[in-house]
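Structure, as structure tokens:
The values are calculated or read from the model by the stated rules, or taken from the named source; none is laboratory data. These figures come from a predicted structure and were not determined experimentally. Neighbour counts run over all protein chains shown; Cβ positions are idealised from the backbone, glycine included.
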Amino acid sequence: MPKFLRNLLPSSSGCFLFNYPPIVHGQIFESKSNKVNTKRTKTVDKGDNESPSSVAHKVLIIGNSHMRNCATSVKSTIKNNFAVQGVVKPGAMANILVNSAKNEVRGLSKKDFVVICGGANDIGKNNSAMALHQIMDFVATNTHTNIALITAPPRHYLMPSPRINIAVTTFNRKLKKLIKAHHHASLLEIVTNRDLYTNHGLHLNGQGKERLANQIVSHILSVLEQSEGPPIVLDHNNL
């Protein structure tokens with residue numbers, strides 16, 4: 001059977017439905033389950049100029065469609081001794097996102113970073129309370145590395161004070177309060193200017209994504225610089 005026909009599944013109504021495999025940051029993975037093929041996601045967004053000996057830090061970016069191409073932008077901005085990879089699952093709820101790259105997260109350390117943008121789809125389905133619980137459970141479980149959460153974006157295609165944007169504000173406020181109890185985690189507020197979003201008002205445009213990538217890079221470098229501390233100067237007269 002031709003490959004394109006294998007992606008057509010008949011529905012109960014007799015129509016054909018498209019059954020495409022998941023896309024992980026621009027790469028297609030065919031699998032019998034809904035789980036991300038973690039062996040292949042390890043190669044996503046790695047720079048050609050990197051070797052295992054030159055990589056000092058790893059950055060794993062996990063998110064829904066709002067983070068599409070974000071890892072590429074971060075990689076082009078950050079230093080060469082960083083290995084950056086992204087796992088993007090458009091339309092995914094928070095529980096899917098935080099479980100999408102468990103193997104990668106386990107291999108990280110205090111020299112590395114996990115960046116997560118999730119909750120937007122949960123808010124749209126009145127599931128914000130569960131999303132908060134799942135995200136914060138991920139934060140509490142993974143204390144062995146640095147974590148940066150990104151606030152849920154507003155929806156500019158709606159009226160100035162719609163119910164869903166009120167829910168977005170409430171979600172972000174609770175997230176900011178909960179994150180304070182975890183010293184290894186921090187919160188980055190996503191850009192909200194209307195000019196930085198696409199015409200339909202849901203996703204960041206190119207300029208907005210570039211601004212977010214710069215924000216992520218600045219935060220990562222700042223945290224790592226603080227953790228490494230100032231260099232120790234030896235007094236040779238006392239040796």
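Can residue 181 be described as surrounded by 19 or more Cβ atoms within 10 Å (Cβ to Cβ) and not in a helix (DSSP H, G or I)? No: the conditions fail for residue 181.
Taking segment 154-187 as the range and being closer than 18 Å to residue 98 by Cα and either in contact with a His (Cβ under 6 Å, 6 or more places away or on another chain) or among the aromatic types (Phe, Trp, Tyr) (or both) as the test, only 171 passes. Scanning segment 199-230 for residues that are part of a loop (DSSP other than H, G, I, E, B) and closer than 18 Å to residue 110 by Cβ gives 229, 230. Just one residue in the set 137, 112 is closer than 25 Å to residue 227 by Cα and surrounded by 14 or more Cβ atoms within 10 Å (Cβ to Cβ); that residue is 112. The set of residues in segment 137-177 that are under 19 Å from the mean Cα position of the chain (by Cα), part of a helix (DSSP H, G or I) and of a type in the set (Ser, Thr, Tyr) contains only 141. Starting from segment 102-130, keep only residues that are of a type in the set (Lys, Arg), then list their pairs with residues that are surrounded by 19 or more Cβ atoms within 10 Å (Cβ to Cβ) whose Cβ atoms are within a distance under 6 Å, requiring at least 6 positions of separation or different chains. Final answer for the pair search is 111/57. Taking the criterion of being surrounded by 17 or more Cβ atoms within 10 Å (Cβ to Cβ) and in a loop (DSSP other than H, G, I, E, B), the residues of segment 70-91 that qualify are 78, 89.
Can you work out which of the residues in segment 156-172 that are more than 17 Å from residue 125 (Cβ to Cβ) and surrounded by fewer than 11 Cβ atoms within 10 Å (Cβ to Cβ) is modelled with the lowest pLDDT? Ranking the qualifying residues of segment 156-172, first place goes to 160.
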